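Asker: My questions will all concern the structure given below.
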Amino acid sequence: MIMTLKLSPDTLTLGIETSCDETAAAVVAGGRSIRANYVATQDDLHAVFGGVVPEIASRRHTEVITRVVDQALNQAGVSLNDIALIAAAHGPGLVGSLLVGVSAAKGYAIATGLPLVGVNHLEGHVMSNFVALPSQQPAAQPLFPSLCLIASGGHTDLILMQEFGDYQIVGWTRDDAAGEALDKAARVMELGYPGGPAIEKAAVKGDPQAIKFPRPTIDDSLDFSFAGLKTALVRYVEEHGLQATTGGVADVAASYQQAVVDTLVRNVRASIETFSVRQVMICGGVAANSTLRLAVKQLEKVFSLPVVFPPRELCTDNAAMIAAAGHFQAQRQGSDGLGLDVFSALPLAEHV
Ligand code: KG4
Ligand code: ZN
């Protein structure tokens, strides 16, 4: 028998997120209203390596996790006594990193006797559309079915959402994720890490039409493939270098970014045409990208339906989205025991 938890709009959830290289904690009321959202980034530690080094990430998580939780509680002006539920991301992600957050969450649960839930990090990203500061409205309304594009460093998923907790994957990437394609390209262009924001910055003065990069398709499918695009960039740079066009590296960055955005938007369009949805959402780190935000927003007029995305700080990894997902999950299916495990791969749903 499932023991669901009775939670009210005032119930406070402590969220903990450590799936990759951000150590984050948040306090969220009623799964909707952000009271505190604190993120300690590790970008500086990994930048010299051009990507996340798992051992360094988990070590830093252990060093800062309790201070990060304290910061979130302080920001919210509450103590653990005021919290009703603890939610931690338990996959997908780096196992060593996830273990730190989940172990800390278990420690707090043991110390306080509070219920604990393990949240799918990808559901967290979806829920970033439904959570907001008290002074703001959440990006999305509970209008179902909704289509949600998650575009992050590890995932590119097109999700049909029938209800909170009810998902089907209608498209995913067959190889690299969109964020991964940007991170790898930034390395080729020597723009630094993380690659998405570095390419966005470099692209500002570039011409997105300067270089014709491919927009790979997979016949009769809403799936993505980004590996060929990355290879096209490597070939281009080997043959022409970075300064072959008037705008130099800015043109390469802008043209590459446009190819990633066009590919994402093309499949979002195709999904809207295939399924009758009432709302479109995007989320995940790549959803912080201005070119993508602008391009998907244009679909609003084309299809006469709301196309929404969270504020940038909720697109990249954070714990407010984990607390929000945890709140609704606990209401639906109760809490998890202290045996809660972590998973490097944790599918949100079946690919239909
Ligand atoms: O969701 P996220 O913070 O972590 C994962 O769950 O993976 O996404 C990180 C990804 C990285 O690949 C990063 O380069 C990309 O999101 N990203 C961006 C931007 N900010 C972060 N990509 C494009 N434009 C941005 N502004
Ligand atoms: Zn993420």
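Asker: Which condition number does C20 fail, the rest of (1) in contact with an Asp or Glu (Cβ under 7 Å, 6 or more places away or on another chain); (2) open to solvent by 20 Å² or more (accessible area, probe 1.4 Å); (3) not in a loop (DSSP other than H, G, I, E, B) being met?
Answerer: If we test C20 against (1) in contact with an Asp or Glu (Cβ under 7 Å, 6 or more places away or on another chain); (2) open to solvent by 20 Å² or more (accessible area, probe 1.4 Å); (3) not in a loop (DSSP other than H, G, I, E, B), just (3) comes out false.
Asker: Related question: Could you list, in sequence order, all residues of the range 160-181 that are within 14 Å of ligand 2 (Cβ to nearest atom) and either open to solvent by less than 50 Å² (accessible area, probe 1.4 Å) or part of a loop (DSSP other than H, G, I, E, B) (or both)?
Answerer: If the condition is that a residue be within 14 Å of ligand 2 (Cβ to nearest atom) and either open to solvent by less than 50 Å² (accessible area, probe 1.4 Å) or part of a loop (DSSP other than H, G, I, E, B) (or both), then A177, A178, G179 are the ones that fit.
Asker: Given the criteria more than 10 Å from ligand 1 (Cβ to nearest atom) and either assigned to a loop (DSSP other than H, G, I, E, B) or open to solvent by less than 10 Å² (accessible area, probe 1.4 Å) (or both), does G153 qualify?
Answerer: Against the criterion (more than 10 Å from ligand 1 (Cβ to nearest atom) and either assigned to a loop (DSSP other than H, G, I, E, B) or open to solvent by less than 10 Å² (accessible area, probe 1.4 Å) (or both)), G153 does not qualify.
To keep it simple, each residue is scored yes or no on (1) of a type in the set (G, A, S); (2) touching a Leu at 6+ places or on another chain (Cβ under 7 Å); (3) within 16 Å of ligand 2 (Cβ to nearest atom); (4) modelled with pLDDT of 90 or more.
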site: T4; (1), (2), (3), (4): no, no, no, no
site: P9; (1), (2), (3), (4): no, no, no, no
site: I16; (1), (2), (3), (4): no, no, yes, yes
site: C20; (1), (2), (3), (4): no, yes, yes, yes
site: T23; (1), (2), (3), (4): no, no, yes, yes
site: A29; (1), (2), (3), (4): yes, yes, no, yes
site: Q42; (1), (2), (3), (4): no, no, yes, yes
site: H46; (1), (2), (3), (4): no, no, yes, yes
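Asker: As an exercise: evaluate P9 against (1) within 16 Å of ligand 1 (Cβ to nearest atom); (2) free of Cβ contacts under 8 Å to residues at least 40 places away in the same chain and give the number of the one condition it does not meet.
Answerer: (1)
Asker: Here's a follow-up. Would it be correct to say that L338 is loosely packed, with under 15 Cβ neighbours inside 10 Å and touching a helix residue (DSSP H, G or I) at 6+ places or on another chain (Cβ under 7 Å)?
Answerer: So L338 fits the description; yes.
Asker: Any idea which residue in the range 265-306 is most open to solvent (accessible area, probe 1.4 Å), counting only those that are hydrophobic (A, V, I, L, M, F, W, C), more than 16 Å from ligand 2 (Cβ to nearest atom) and within 24 Å of A202 (Cβ to Cβ)?
Answerer: Ranking the qualifying residues of the range 265-306, first place goes to L294.
Asker: Right, another one. Would you confirm whether or not the range 1-11 contains a residue that is hydrophobic (A, V, I, L, M, F, W, C) and surrounded by 21 or more Cβ atoms within 10 Å (Cβ to Cβ)?
Answerer: Scanning the range 1-11, I find no residue that is hydrophobic (A, V, I, L, M, F, W, C) and surrounded by 21 or more Cβ atoms within 10 Å (Cβ to Cβ), so the answer is no.
Asker: Determine which single condition F309 fails, assuming it passes every other condition in (1) within 26 Å of H351 (Cβ to Cβ); (2) surrounded by fewer than 17 Cβ atoms within 10 Å (Cβ to Cβ).
Answerer: (2)
Asker: So for the range 226-247 (the condition being in contact with a strand residue (DSSP E or B) (Cβ under 8 Å, 6 or more places away or on another chain) and crowded, with 16+ Cβ neighbours inside 10 Å), does at least one residue qualify?
Answerer: Yes, that holds for at least one residue.
Asker: Sticking with this structure for a sec: Is it the case that some residue within the range 303-310 is more than 16 Å from N129 (Cα to Cα) and in contact (Cβ under 8 Å) with a residue 12 or more places away in the chain?
Answerer: There is at least one residue in the range 303-310 that is more than 16 Å from N129 (Cα to Cα) and in contact (Cβ under 8 Å) with a residue 12 or more places away in the chain.
Asker: Can you confirm whether the range 214-224 contains a residue that is open to solvent by 10 Å² or more (accessible area, probe 1.4 Å) and hydrophobic (A, V, I, L, M, F, W, C)?
Answerer: yes
Asker: Going residue by residue through the range 195-213, is there one that turns out to be surrounded by 13 or more Cβ atoms within 10 Å (Cβ to Cβ), within 16 Å of ligand 2 (Cβ to nearest atom) and free of Cβ contacts under 8 Å to residues at least 40 places away in the same chain?
Answerer: Scanning the range 195-213 turns up at least one residue that is surrounded by 13 or more Cβ atoms within 10 Å (Cβ to Cβ), within 16 Å of ligand 2 (Cβ to nearest atom) and free of Cβ contacts under 8 Å to residues at least 40 places away in the same chain.
The values are calculated or read from the model by the stated rules, or taken from the named source; none is laboratory data. Please read all numbers here as calculations on a predicted model, not as lab measurements. Here Cβ is always computed from backbone atoms with ideal geometry, including for glycine, and neighbour counts include all displayed protein chains. Remember, those area values only see protein heavy atoms, side chains included, never the ligands or the DNA or RNA. Shrake-Rupley method; radii C 1.70, N 1.55, O 1.52, S 1.80 Å.
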